[in-house]
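Rule-based calculations on the coordinates, nothing more; no lab input. Every value quoted in this text rests on a predicted model; they were computed, and no experiment measured them. All Cβ positions, even for glycine, are placed from backbone atoms using ideal geometry, and neighbour counts span all protein chains on display.
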Amino acid sequence: MRDTASVVGVDSRPLLLAFAMCAGAAAYLSVPFEPTRLEVAAFFGAVAAMFLLVRWLHRSDLTYALAVCVFGTVIGFSAAALRTWRVEAPVISAETRPVMLEGWVANIEPGEKGARLKIKVHSIAGFPADQQPELVRVTHRARLEVSSGRFVRCWVVLRPPPSPTLPGDYDFRRQAYFQKLGAVGYVQGRCRGGVLGAPDNVMDQAALWVSAQRRLLASYVNEAAGERAGGLAAALIAGDRSFLRTEDQNALRDTGLAHLLAISGLHLSIVGGLTFFLIRRSLVLIEPLALRVPVQKIAAVVALITCAAYLIVSGASVSTQRAFIMAAIVFLAVIFDRAAISLRTFAIALIVIVLLQPESVVTPGFQMSFAATGGLIATYEVWRNHRSSRERVLGPIGFAWASIIMTSVVSDAATAPFSFFHFERLSPVGLFANFAIMPVVTFVTAPAAALTVILALFGQAELGLRLLGQSLELVLNMTHYFYNLSPGVIRMSVPMPPLALVFLSLALGAMMAFAGWARLLGGAVLLAPAIWLWSTAPKVVLHWSASGDVFIADTQGMVSRLEFVDGDGLPPLRFSEAPDREECGLQVCEYPSFSGLSITTLGPVEQKKKAETEQTPDTLRIQILRAGEASADLTFTWGEAKDAGGITVYARDEDLYVVQLQNCTERPWRRCSENGSAQPSGGARDYFERLIRTAG
């Protein structure tokens, strides 16, 4: 039988295993029921036995590849289930009255309404020890007088982490569960320092000490790098964005350069790669050493240690941990004489991260990071095979510029589907901004950062930071140039269905794993249904969020935000950048929408800001009418929207669809129990039995 390696490629099996594991982890996180431990163990055992049988028989490469995919899916599913059971921690079930919170400040982040404090809990008044969350995040509106690592006492109002109100929106409550974040809320007044010392746990002590040192480092860098670029320098070096100006954040985001702020693969590759290059070049100059010792292995060890130090200094966020794992695998490949940059290395990194952090597979950062990395490596392997002919035609300088352009195009194309799905926006100048600014970051800012480290060894860190600040001023000036040049972000009027993203992901995976003609054919075959699903997807007409905001589609299908009533939830992330729409200020307001639809808001004006405290807020209503009809097709009250956690109306052709998401399910991160604690789950069998009874 013909060997499929010529079609699928030599690195196909690790890639297939890695992609299947991602699919399995995503499946576990998406199913509407919680499987029991017995079901997971039985499922894993049965599929493992089948895989061993296929491997023993080994009838064909195709059969074996299919077995790898099935087994990988089960591994990913089981890894996600195991991770869920391991990180389980208390989550509060309802909003509290003002209570006294005591704990240690683990992290400080900027927020729209004030600083966000992540606090390691020591005690919460009125909560038994076994029902206290391990971590809480509160918004501090007043002037902050405490720093990271300090023990604080605050009067706070806490509530459970919010669930998504819009189908397909970012599930903050699920991610909070895996971070052991059991409550969010706000501070009444301000947090004040306490006298209690460090926590008893040694690891907690170390984490708080590192957090305090990071804050001191960020403050020092912010001052030394200059007023204009100090905030960006602190964000890049210490992972602390609290000093970054709002206008700079907006400019970076709307020009497609927000990835500079999330310390991830780009930063670790620059830090590790620059360290590797400098150490290797320095050691090569020592001839006796270069002739006797593999200098590239010494350089790889030093680069790995440098990346580990940067991981700790920058705060060890989830994205930084992923980047460090990838960098570690690359440098370990150098140490053990393996290909450092290959699809096999990429697959190993993907497998390790899915095993350690399976919950990250459904996050935008994970998806966009690995899509860009995998696409670049696959392109690099093809580009490398034809390098001599291209370099001969273009010349060395032309080839270098062509490589830079290709890098920008491939990374933007690979991440575009995930950007469309999660954010429904695209920067029209993003490609050009990245093409112009990233060489500055790589060839000016990165060497300036390396020089800063070298000067710091001689007590001259401030000189290096001033040089770094000047390079970052150039980056910010160029960013604002493109920001002012841009007509604004392009917003998608039709949300991408989840199934369309699945097909686009499969198409991208096929173009990485397949070889030759199968690469283009596989990508095209999988791309076609994705385009069809997206083009026929329903449009959002209206979303009434638990925050009280109403998101209305205009005649062009573009969504804007109407501040209709004060709620206590959060608006959907998908519409976080929607422009504000002015309210008419009357008891009845009408807003035209697409396809002849109109949306009418009704209710006494004086009640709109008081409705949160009303017992029966049914006088506030929203109606959807069709052109030429006197009666409304749909009518919702604020009470219904609040109880449902949000209401969404979609339109396709002449039909309207109403979607309400459940506030709680059988999943551990959305418990329906009174105290928010884990309850025994009936598992898959119980879920499908209820489904059959309901259908009957």
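Numerical summary
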| quantity | calculated |
| --- | --- |
| Between region 496-531 and region 180-238, the alpha-carbon center distance in angstrom | 43 |
| Inter-label distance for Arg143 and Ser30, nm, one decimal - labels placed 7 Å from Cα along Cα-to-Cβ | 5.0 |
| Proximal charge balance of Met496 [Cβ under 15 Å; K/R count +1, D/E count -1] | +3 |
| Segment Asp200-Trp401, length gained on full extension (0.36 nm per residue, minus Cα span) | 66.8 nm |
| Listed peptides 221-231, 272-282 by packing density, highest first (mean Cβ within 10 Å) | 221-231, 272-282 |
| Mean Cβ count within 10 Å, highest first, over the residues of peptides 44-53, 311-320 | 311-320, 44-53 |
| Cα gyration tensor shape for region 5-86, rounded if a/c is under 1.5, else prolate or oblate | oblate |
| Inter-label distance, nm, simple model (7 Å from Cα along the C-beta direction), Thr555/Val658 | 2.8 |
| Within region 95-112: backbone nitrogen closer than 14 Å to the His122 label point (7 Å, Cα to C-beta) | 100-106 |
| Span from the region 157-176 Cα centroid across to the region 271-338 one, whole angstrom | 39 |
| Inter-label distance for Ala65 and Ser317, nm, one decimal - labels placed 7 Å from Cα along Cα-to-Cβ | 3.8 |
| Prolate/oblate/rounded call for region 146-278, Cα gyration tensor, a/c under 1.5 rounded | oblate |
| Approximate shape of the chain as ellipsoid semi-axes (Cα gyration tensor, √5λ), whole Å, largest first | 41, 33, 28 |
| For Arg150, residues with placed amide H under 5 Å, excluding near neighbours | Val105 |
| Listed pairs Lys180/Lys539; Lys539/Lys642; Lys118/Lys297; Lys118/Lys642 exceeding 29 Å between Cα atoms | Lys180/Lys539; Lys118/Lys297 |
| For region 459-487 and region 20-81, distance of Cα centres in Å | 49 |
| Full-extension gain in nm, Ala89 to Leu485, via 0.36 nm per residue minus C-alpha separation | 137.8 nm |
| Net length gained if the chain between Arg466 and Glu223 were fully extended (0.36 nm per residue, minus Cα distance) | 86.5 nm |
